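Below: the structure, in C-alpha cells.
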Amino acid sequence: YRRIHKIPDNLGTAVTVQQMVFGNLGPSSGTGIAFSRSPSTGEKRLYGEFMFQAQGEDIVAGIRTPDPLYTLKDKKPGLLEDLQRNATILENHYKDVQDIEFTVEEGNLYLLQTRAAKRTAQAGIKIAVELAEEGIISKEEALLRIEPSYIRPLLKHTIDPNGCVDVIANGLGASSGAATGIIVFDPEEAERHHRTGQPAILVRSETTPEDIHGMVASDGILTTRGGVTSHAAVVARDLGKPCVVGCESIKINYGQKQLHVNDLTLIEGDTITICGSSGRVIRGEIPLVAPVFSREFLTLLHWADEFKTMGVYCSVNSPKEARISRSMGAEGVGLCRTEQMFMEPHRMPYVTKMILARNIWERKQALSNLIPMQKEDFLGIFRSMEGKKVNVRLLDPPLHEFLPSQEALALEIERARVAMNVKEMEEKEKLLKRIKILHESNPAFGHRGCRMGITYPEIYEIQARIIAYAALELKKEKVYVYPQIIVPLLSHSNEMKEVRETVTKALEEVFAAMGDRIEIPIGAFLEIPRACITAHKIANYADFFIFGTNDLTSSAFAFSRDDAEGKYLAYYLDHKVLPENPFVVLDQEGVGELISIGINKGKKVKPGLSIGICGEHTSDPSSVEFMQENHMEFISCLPHLVPAGKIAAAQAAIKAKMLQNKKDTD
C-alpha cells in the first residue's frame, strides 16, 4: 500500500483514542457506513449500509449481511435525516466526498470517523466536476484531484458488465482494455490469422523481441509468466493492446497446441476473452463495450485545455491511430514512427528485403514496393491531422525486429534437407549467411537510424519525397497540413548536417517537379547522451528538437529495458537501489539533467528553438511537471493516453502557477 501510494516507509501510523460506544445494546442501536455521494457512480445521494444490533467489525468482517442505508427511511427516518445533514456539513467542510463510520447507541447518533472516500475513476471525475460546478472547489482543484493513470481504463473497450462470464484463470492486468479472439501459440500463426481478419489472442509462456510481429498482429496477449514490467506488458502498453501476464495457473503444451488450467483443456482455435484491466481470462466470446465519455469527463478535458500551456500531441504509426488520436483531442502528431508502419504482416517482407539488399539496385527495388504503402499512410495521417503539425521520424528499424531468427531459419534448412528439397535448402542457406553477416551484438545501438540514412541515402531521399508529395497533393485539395521531418539516433552534429543536406535536396526536387512548395522543417531527435551534451552544435543544422525519453533512459542508464525489467530492476526497486522505475517515472537527476543541458545549449544557438518530447513518461504527473518547468512546446502520448496527458499537462501548469504565486507573495 505504501509503495503504491508513495508513502515513505519511515513514517509511523497514527493511533486515535475514542470514547467507546455500542451498537449492540438493543433494537434501537446499530452501526453503519455512509458515503456523502456514491463512490461507484458519483451520484449525489447518501449511500451506504446499516446493521441493527451490531458493532462496526460485524460489517467489515462480513459476518452478517447489512441493509442498504435507504431502508432507514421507513424504520428510522429521523436517523437518516441526521446522517444526511451531517454528511453534507462534513463534505462542505472538507470539500470532498466523505466516507463516514457511525454507531447508533440507544437512539443517539455518534460519528466515529470521516475521511475522503475511495472512489472509482468514473465516480472521481463526476464528483470533482460537480463539486466545482456547485462552487465547493475551483476548476483547478477539480483537475488536481484526478490521477491521470486512473482514467486509462475509461478509454478502452471493456467487458459488458451485463454479460455472463466463465472466468477460467486470473493473472495480472498489464495493459488495460479487453479483447476476444481465438487462441494461437505461435507469432507466425497470429500473423496468418491477422491477414484473414480473424481476431487472435497470442498465448505464450513469455514473449521476446522475436515475437514482436505476432504481438502486432494479435488483438490481445496472454502470458503465463512475468510481471507488469515484463517484455509482454511493456510492448502491449506501447501497442495499446490488452494484456494479461503472470497467469501461472495456465500450463501450455506447445507440441499439442493446448493450454491446461485445472481440469479444463483448450486447443488452438478455441475462443477466449482477456481483460487487461482486471487480469481475468474468460472462456468464450464476451460482448465488449466501447468507451463512452460522460458529460463530466468531457467537461474536465475542456477545463484541462483552459489551463494547460503545453500542447498534447500523439505518437502514431497509422492513419487509424491518427483518427483515434484526433477524436481523443490530440493537437498534432509528436512522433510518427515510419518503421512501425511496416509491422503489418503483408508489409514486413519488403522491409526485410530492403535490409537484406546487397547493393543499391536491390535496395531501390525493395523500396519501390514500399513507396505506395507509405504514401497511402501519410495521406491518411495528414488528412486526419488537417491544420496540425505532423512530426515524421525517418526510418529507424532495429534489425532484429525485421529479420528472421537464425534459429528458426536453421530449422527450416534442416527440414528442407530431410525432405530433399535442394532448391529451398540452398535459398535458405544463402539467406542465413546474409543474416549472419548483418547480425549485431547490440541491435539497439546498431546500424539503424541516421546511420542507415547516411550509408544508404536513397532510403531517406525516398521518404522525404513521399512526405512532400503527399502534403502537396493534399494542398491541391485545400487540405492543409504541416509536416516536419525528424532525424533519429543522432550522436554527432555531422550526422545531422549530412542527413539535412540529403533531405533538403530531395524536397527541393519535389517542389520543382510539382511547381509548388510548402515549409517542411527538419529537426533532431535527441535520444543519446552525446547528442544532448553537444546540442549546441546539432542546433546549427536543426529547426527543432524532440527528446525521446525511452531510448534516452536506456542509453543514460546503459539498461536494456527488456533485460532490466525482466531480471534485476524489480530487485533494485524492492531494495531501494532506485527510487522509481526510470522507464515509467523520468529520472530527473540524470536523464532530466541531460534534457536540460540539451535545451539550454540548443537555445543558446537558436533562442526560438521549438522543443518537444515523447515517450512513456509523458503521462506520468511528476515527469510532466519537469517538462512544464523546462518549457516544452508539446508532449506526445500514445493515442489512448492523450486525455491522461491533457490532465497531467493541466496539473503541471496549475502547480507551476501556484508555485510562482507563492514566490511572488514571499
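Every read-out reported here was derived from the displayed coordinates using simple, explicitly stated rules and does not represent laboratory data. This structure is a prediction, so every number in the text was calculated from the model and none was measured. As a convention, Cβ positions derive from the backbone with ideal geometry for all residues, glycine included, and neighbour counts pool all protein chains shown.
Relative to the current alpha-carbon distance between residue 309 and residue 94, full extension at 0.36 nm per residue lengthens the span by 74.4 nm. Each Cα pair under 8 Å and six or more residues apart adds its sequence gap; the mean of these over the residue count of region 1-130 is a relative contact order of 30 percent. This ranking places 224, 309, 207 by how few other beta-carbon atoms lie within 10 Å of each, fewest first, which gives 309, 224, 207. Scoring 650-656, 172-178, 254-260, 185-191 by mean Cβ neighbours within 10 Å over their residues and listing the highest first yields 172-178, 650-656, 185-191, 254-260. Between residue 434 and residue 249, the C-beta separation translates, for a Förster distance of 45 Å, into a calculated FRET efficiency of about 0.55. For a straight C-alpha distance cut-off of 13 angstrom, the aspartates and glutamates reachable from residue 576 (same-chain residues fewer than eight places away being disregarded) are 9.
Shown for 496, 514: other C-beta atoms within 10 Å of each C-beta, ranked fewest to most, produce the order 514, 496.
When only Cα pairs below 8 angstrom with a gap of at least 6 residues are kept, region 157-289 shows a relative contact order of 37 percent. The share of alpha-carbon pairs in the chain lying farther apart than 39 Å comes to 41%. On full extension, the segment bounded by residue 444 and residue 108 gains 114.0 nm, given 0.36 nm per residue less the C-alpha separation. Calculate the FRET efficiency for residue 509 and residue 157 from the Cβ-Cβ distance with a Förster distance of 41 Å, rounded to the nearest 0.05. Efficiency, rounded to the nearest 0.05: 0.35.
Spin-label model, residue 85/residue 44: points 7 Å from Cα along the beta carbon direction are separated by 2.0 nm. Under 21 Å from the Cα of residue 423, which lysines turn up, not counting those fewer than eight places away in the same chain? The qualifying lysines are 353, 433, 436. The helix-only estimate of mean residue ellipticity at 222 nm for the chain, built from DSSP H runs of length n ≥ 4 each weighted as -39500 (n - 2.57), is -13000 deg cm²/dmol after division by the residue total. Counting only DSSP beta bridges with both residues in the chain, the antiparallel share comes to about 55 percent. Among the trypsin sites (Lys or Arg not before Pro) within region 70-146, those in coil by DSSP and having at most 15 neighbouring Cβ atoms inside 10 Å are 95, 118. With a simple spin-label model that places each label point 7 Å from the Cα along the Cα-to-Cβ direction, the separation between residue 574 and residue 170 comes to 2.1 nm. Normalising the average separation of contacting C-alpha pairs (under 8 angstrom, six or more residues apart) by the number of residues puts the relative contact order of the chain at 11 percent. Extending 7 Å from Cα along the Cβ direction at residue 477 and again at residue 373 yields two label points whose distance is 2.2 nm.
For region 276-393, the square roots a ≥ b ≥ c of the C-alpha gyration tensor eigenvalues yield an a/c of 1.5 or more together with a/b not exceeding b/c, which makes the shape oblate. Extension gain, residue 454-residue 360: 0.36 nm per intervening residue step, less the Cα-Cα distance, totals 32.5 nm. By the beta-carbon count within 10 Å of each Cβ, the least crowded to most crowded order of 533, 546, fewest first, is 533, 546. Once the gyration tensor of the Cα atoms in region 30-119 is diagonalised, the equivalent ellipsoid follows with semi-axes of 19, 14, 12 Å, ordered largest first. Applying both filters, DSSP loop and at most 13 other Cβ atoms within 10 Å, to the trypsin sites (Lys or Arg not before Pro) of region 454-501 gives 478.
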